[in-house]
1. Determine the per residue accessible area of segment 168-207 with all protein chains present and a 1.4 angstrom probe, expressed in square angstrom.
2. Relative to the Cα centre, what is the charge dipole magnitude of segment 259-335, using +1 at the beta carbon of each Lys and Arg, -1 at the beta carbon of each Asp and Glu, and rounding to the nearest 20 debye?
3. Please give the peptides 310-321, 147-158, 219-230, 129-140 ranked by average Cβ packing (other Cβ atoms within 10 Å per residue), highest first, as a rough proxy for protection.
4. With each run of n ≥ 4 DSSP H residues scored as -39500 (n - 2.57), what mean residue ellipticity at 222 nm is computed for the chain after dividing by its residue count and rounding to the nearest 500 deg cm²/dmol?
5. As I understand it, the dipole of segment 117-251 uses +1 on the Cβ of Lys and Arg and -1 on the Cβ of Asp and Glu, about the Cα centre. Which of Thr136, Met183, Leu219 lies farthest toward its positive end?
6. Convex hull volume of the Cα atoms in segment 124-284, per residue, in Å³?
7. State in Å² the accessible area per residue of segment 78-154; use a 1.4 Å probe, count heavy atoms of protein chains only, and round to the nearest integer.
8. Taking all protein chains in place and a 1.4 Å probe, what share, in percent, of the accessible surface of the chain do carbon and sulfur account for?
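The values are calculated or read from the model by the stated rules, or taken from the named source; none is laboratory data. Predicted model only: the values in this text are computed from it and were never measured. As a convention, Cβ positions derive from the backbone with ideal geometry for all residues, glycine included, and neighbour counts pool all protein chains shown. Note: areas computed on protein heavy atoms with side chains; ligands, DNA, RNA excluded. Shrake-Rupley method; radii C 1.70, N 1.55, O 1.52, S 1.80 Å.
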Amino acid sequence: MPAVLGFEGSANKIGVGVVRDGMVLANPRRTYVTPPGTGFLPGDTARHHRAVILDLLQEALTEAGLTSQDIDCIAYTKGPGMGAPLVSVAVVARTVAQLWNKPLLGVNHCIGHIEMGRLITGATSPTVLYVSGGNTQVIAYSERRYRIFGETIDIAVGNCLDRFARVLKISNDPSPGYNIEQMAKRGKKLVELPYTVKGMDVSFSGILSFIEDVAQRMLATGECTPEDLCFSLQETVFAMLVEITERAMAHCGSQEALIVGGVGCNLRLQEMMETMCQERGARLFATDERFCIDNGAMIAQAGWEMFRAGHRTPLSDSGITQRYRTDEVEVTWRD
């Protein structure tokens with residue numbers, strides 16, 4: 001019964017998780033929150049992670065009721081993500097692995113989300129909509145790879161939402177996306193925004209540029225409220241995501257859809273995806289904020305699958321990469 005310790009710190013979340021044979025034993029997490037109207041810089045985010053990671057490690061072990069002797073493998077996020085935070089976490093993971101004399105595993109962040117989603121929901125072979133601050137992809141498993149059927153051609157949907165939040169000076173606590181979601185519930189007017197789907201791919205830079213350009217003028221003249229803009233942005237970008245996911249499901253003949261990534265917590269996105277799935281006679285699977293948002297347990301779970309399949313990362317190859325595509329990884333643990 002292998003127990004795997006996972007470190008995640010690819011963006012502004014830092015988490016340490018413990019997984020043993022499909023059971024999440026611990027999953028503490030901290031978030032680096034910046035003032036309204038600002039984003040998070042790599043250097044500042046890395047300093048935040050370095051300041052809390054050892055406390056999180058001890059917290060995870062205590063919560064799991066384990067000691068270092070009980071851990072069989074150390075997993076960490078190899079990429080993709082922000083360079084400085086990734087390096088900070090990788091250094092700690094390498095050090096712990098050597099101090100405890102444990103094997104090391106570098107995990108693809110995107111695959112961590114997928115494997116955690118499959119574990120928590122019980123989805124067997126879903127078409128995956130992966131939506132976060134740094135990634136937007138529609139994925140399905142085939143022949144030892146998680147194949148990307150569609151993706152953003154510019155910025156991620158979460159990045160689009162975050163940058164829109166800065167325009168309106170929406171709070172980053174607990175997250176800009178969550179606060180946009182709450183404001184959107186009070187929106188009453190649908191403002192027409194650019195809708196850009198190109199085959200299986202989507203583009204969000206145009207809609208962001210448009211809304212950045214017109215937002216203050218429309219608010220000043222009373223054409224709409226901030227809540228209306230939040231509502232309109234959500235409805236437009238989520239409709240784009242539902243469209244390409246449905247097209248991928250039709251192509252794959254899939255009867256399951258799984259939403260993963262931080263934006264996947266959004267209940268309106270889940271509602272729109274559920275409507276699409278019901279119309280297709282398919283099932284929707286989603287998780288809550290404990291597992292949708294970046295966390296250490298998802299890296300531990302992917303590491304657990306890789307460890308059982310015989311994967312190991314030699315120390316000489318235990319660096320990080322900011323660009324690490326989902327379909328680069330050979331998935332030897334699935335049939």
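1. Numbers: 2180 Å² over 40 residues.
With the other protein chains kept in place, segment 168-207 gives 54 Å² per residue.
2. Values: 9 positive and 12 negative charges, 18 e Å.
Charge dipole of segment 259-335: 80 debye, to the nearest 20.
3. Values: 310-321: 14.0, 147-158: 19.9, 219-230: 16.2, 129-140: 25.8.
Highest to lowest by the protection proxy: 129-140, 147-158, 219-230, 310-321.
4. On the way: 10 runs with 148 residues, N = 335.
Calculated at 222 nm, the ellipticity per residue is -14500 deg cm²/dmol.
5. Thr136
6. Working: hull volume 17.0 nm³, N = 161.
Each residue corresponds to 106 Å³ of Cα convex hull volume.
7. Values: 2510 Å² over 77 residues.
Dividing the accessible area of segment 78-154 by its residue count gives 33 Å².
8. On the way: 6770 of 13770 Å².
C and S fraction of accessible area: 49 percent.
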